[in-house]
């Protein structure tokens, strides 16, 4: 029997009206819980950092079109701004915000959770940190929970760890599935998997998604772009919508409308 699954997909970052219009059209005909459309992008080196506040109009466009937007936020003020703008535009929409792997200031983690707390239409996804430490990952979750946010609002996400010299499969951020399952079991929270940031290439995204099926993940977040070659970020690892369909067709878990 197929297990139920939370499904999030869409471009790594919001780039243009054309990109978002096409992405919304594709998202609407698929069984997505949320469409990824990030406005703020942490960067290792200077480069495209996302549209930021100027891109909120695209989140609103998505909400008014009937899809549930999802974006990373770096600061509590960004979370508050997105919530106020999107939820007022369409009170029926659901919204996913997330704390990314590089956001390791526990004051900010806690304050983002406080901003989301009490708003049942908003879910907060929390990714693991870049370096492999089970103790640190547990600490992130504990800091978020210390805000007294409802556990019903939280989704955990495993996006792999920076390679530590032992990476025979050539993944961008090799996963530790065992650690992810221990974190999931300890906190009894949904844990989804990010094959895009673990894989780092289209071939590896497909390969690592199949490996993840052996474990009790509650869903996937996948980067999908209408024209990956033109993507301003993560071009090598973004699937086309057709290749995303093939990935999901072979995935042995059915989608559930999380939070509805």
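Shape call for the chain from the C-alpha gyration tensor, a ≥ b ≥ c root eigenvalues: rounded (a/c under 1.5), prolate (a/b greater than b/c) or oblate? The shape class here is rounded. Per-peptide packing, taken as the mean over residues of other Cβ atoms within 10 Å, places 222-229, 115-122, 103-110 in the sequence 222-229, 115-122, 103-110 from highest down. Say a paramagnetic label sat at a point 7 Å from the Cα of residue 236, along Cα to Cβ; which residues of region 29-59 have their backbone N under 16 Å from it? Under 16 Å, as judged by backbone N against the label point of residue 236, lie 44-45 of region 29-59.
Note on residue 206/residue 136: beta-carbon distance plugged into 1/(1 + (r/R0)^6) with R0 of 45 Å gives a FRET efficiency of 0.95.
When 134, 151 are ordered from fewest to most other Cβ atoms inside 10 Å of their Cβ, what list results? Could you put the intermediate results ahead of the total?
Working: 134 15, 151 11.
Ascending Cβ contact count within 10 Å gives the list 151, 134.
Sorting the segments 186-192, 41-47, 156-162 by their mean number of nearby beta carbons within 10 angstrom, highest to lowest, gives 156-162, 186-192, 41-47. Let me know the shape class of region 1-140, please: from the alpha-carbon gyration tensor, a ≥ b ≥ c as square roots of the eigenvalues, rounded when a/c is under 1.5, otherwise prolate if a/b is greater than b/c, or oblate. The shape class here is rounded. In this rough spin-label picture, where each label sits 7 Å from Cα along the Cβ direction, the residue 182-residue 215 distance is 1.2 nm.
Take peptides 33-40, 137-144 and line them up by average Cβ neighbours within 10 Å, highest first, as a rough protection proxy.
In decreasing order of mean packing, 33-40, 137-144 become 33-40, 137-144.
When shorter helices are ignored and each DSSP H run of at least 4 residues is given -39500 (n - 2.57), the per-residue value for the chain at 222 nm works out to -11000 deg cm²/dmol. Would you kindly state how much longer the chain becomes between residue 89 and residue 53 on full extension, computed as 0.36 nm times their sequence separation minus their alpha carbon distance, in nm to one decimal? Contour length minus Cα-Cα distance gives 11.4 nm.
Centroid-to-centroid, using Cα positions, region 143-218 and region 15-48 are 21 Å apart. Mean sequence separation of contacting Cα pairs (under 8 Å, at least six apart), scaled by the length of the chain, corresponds to a relative contact order of 21 percent. Under the simplified labelling scheme, the residue 120-residue 147 pair shows an inter-label distance of 2.0 nm, with each label point 7 Å from Cα along Cα→Cβ. Using a simple spin-label model with pseudo-atoms 7 Å out from Cα toward Cβ, residue 81 and residue 102 lie 1.8 nm apart.
We did not get these values from a lab; they are worked out from the coordinates using the rules stated. Just so you know, these numbers come straight off a predicted model, no measurement behind them. Methodologically, a virtual Cβ is constructed for each residue, glycine included, from the backbone with ideal geometry; neighbour enumeration extends over all protein chains shown.
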